[in-house]
Amino acid sequence: MTPSSSLSLSFSSSLLPQHKPIKPKTHSLQPTKFTFIKCTSTATSSSSTVKKRHWKQGEYPGVSQASVPSRSLNNKKTPIKNIKKKIDKKNEAKAWANTVTEALSECIDKKQWVQALEVFEMLKEQAFYEPKEGTYMRLIVLVGKNRQPELARKLFDGMIEEGLEPTAELYTALLGAYCRNNDIDEAMLILEQMKTLPLCQPDVFTFSILIKACIDATRFDLVESLYEQMAEREISPNTVTQNTVLSGYGKAGKFDQMEKVLLGMLESTTCRPDVWTMNTIISVFGNMGDIEMMERWYEKFRNFGIEPETRTFNILIGAYGKKRMYDKMSTVMEYMRKLSFPWTTSTYNNVIEAFSDAGDAKNMEYTFDQMRSEGMKADTKTFCCLIRGFANAGIFHKVISTVQLAGKLEIPENTSFFNAVIFACAKADDLMEMERVFKRMKEKECKPDSMTYTLMMEAYRKEGMTDKAYDLELEQQILDGSNSKEDEETEGHNKHPRFVSLGISTAPICCVETEQECRTMQFLYFPLALPLH
């Protein structure tokens, strides 16, 4: 029996008796029901509700509405038509305010940071605009998550210029933007600045973000320094902080330090290990492919009295899938059904990824169809796995249809998404289309990472184009060394005056002009598959 055919998602025939399923001791977890409250707009509620004035006793006694003195200085009645115009104008202003603010909120929810900044600039030009801390907070977090620390800084400075006082939360959001961009030195400067402001003192969340950045950069010496600073300020690390350090030590192979932190959590009364600690540890060994250690730690945490959750099972499924242990993967999924744990998007993604890595397009596509039939919403990772899977199987026409489907479903296009398409282009030896995708990636303000450059350089070297591979290597070194994003934005880019202050590029999107330019993969309609939202 081949691995590709050993898993049927009904799981009635895939359970093998020789493998003992993982059994819990007790389970008190019940599915959580959420109640959504539908809110009406401000304009509707304000227009439908009329406030009545209740006069105090003895005030205007026995006076009718018509005899109430006018507020104007000349005691003349205001014409009714002028009142109607004023009310209509006010209602129109409220409607416009709701339209712009709702559009801004929608862009933020969809993580469309370029469009969000555009709408925000439109909002600032309106007469009814008032700067709000919450709006700036959401925007700073949004651009920070998209690794745009310079824009986060400009938003932060613009907020102060508009008269808003900075808070510890806003400083932490700004610090987080630099941490996401691996600019730890600048983040440290922000930390020192916070220490000088009485009302903006760093808290456990500030230090946790910095510690995570240092862990990701394997700068463990700074981690110890941050722990010392927390101790000086009598800030105790919480479980989230410790879980982050555990994950970092585990990924770096520092298992002695990892076990030391874990023992400290077991002895602590303030940051006891939880299910996230369990997930962190088993994911470390699962990602390493050490299934034996993963299962051993799973049993240890169960002995500590920690019960698994949906994410725990998803980690197990992902680890088994990467090792192509489809029998154990299906056993865990069937076990989730028995315990009434729902299969989530991550569950399906792990199964799709397992088949994708193996180039098993048939089972991968079947899993995706079942995912959609159950009403499960696909995300960016789903489509990344599908694109890579079809490319591994050599079915490039389905790569095209998958990219087009992602565009129709408005799937967010991040660096991983573009990397998947570049991987498919390289698999098909279509270097011309690969270059167009890379160019479009930059035009979409999506920053290439090391995987992007590695895929492209390998493709060039495979075709003997060492000069282009060398140029990309230099570009990567410049990008990693200087972080000079502003230099990239000014190279041949035309900028709209409205966005000059925010550094937003408005370069036109490149389209495929002739059919002859499309070679093996024939991405003639690729620009249509990746629309500008």
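Readers should treat all values here as calculations from the given coordinates under stated rules, not as data from a laboratory. Note that the structure is predicted; figures quoted are calculated from it, not measured. We place every Cβ from the backbone using ideal geometry, glycine too, and count neighbours over all the protein chains shown.
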About its Cα centre, region 261-312 carries a charge dipole, from +1 on Lys and Arg Cβ atoms and -1 on Asp and Glu Cβ atoms, whose size in debye to the nearest 20 is 80
Between M465 and R311, Cβ-based FRET efficiency (R0 41 Å, step 0.05) works out to 0.40
Non-local residues with an amide H under 5 Å from the amide H of I411, with H modelled 1.01 Å from N and Pro and chain starts lacking one, are none
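Treating the beta-carbon of each Lys and Arg as +1 and of each Asp and Glu as -1, no other charges, what is the dipole magnitude of region 212-309 about its Cα centre, to the nearest 20 debye?
The calculation lands at about 80 debye.
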The extension gain from E133 to D480, computed as 0.36 nm times the residue separation minus the Cα-Cα distance, is 121.6 nm
Taking 0.36 nm per residue of separation between E443 and S340 and subtracting their Cα-Cα distance, the length gained on full extension comes to 32.6 nm
Inter-part gap, Cα centre of region 326-359 to Cα centre of region 149-215, in whole angstrom, is 39
Quick calc: nm separation of the 7 Å Cα→Cβ label points for T270 and E102 -> 4.6
Placing +1 on each Lys and Arg Cβ and -1 on each Asp and Glu Cβ in region 385-477, then taking the dipole about the Cα centre, the residue among L405, C446, A391 whose Cα reaches farthest towards the positive end is L405
Each label sits 7 Å from Cα toward the beta-carbon; between E458 and M122 the label points are separated, in nm, by 4.3
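Is there a quick way to get the dipole size of region 350-489? I mean about its Cα centre, with the Cβ of Lys and Arg at +1 and of Asp and Glu at -1; what is the value in debye to the nearest 20? Walk me through the numbers on the way to the answer.
Details: 18 positive and 27 negative charges, 113 e Å.
So the magnitude is around 540 debye.
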Distance in nm between D379 and M293 label points, each 7 Å along Cα→Cβ, equals 2.7
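Using 0.36 nm times the number of residues separating K408 and D157, minus their current alpha carbon distance, what extension gain do you get?
Working: separation 251, 0.36 × 251 = 90.36 nm, distance 3.73 nm.
That pair, K408 and D157, stretches by 86.6 nm at full extension.
Would you mind checking K110/K381; K338/K381; K377/K447; K251/K362; K251/K322 for any pair whose Cα atoms are more than 22 angstrom apart?
K338/K381; K377/K447; K251/K362
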The pairs in K398/K442; K145/K323; K145/K442; K145/K444 lying past 23 Å Cα-Cα in this model are K398/K442; K145/K323
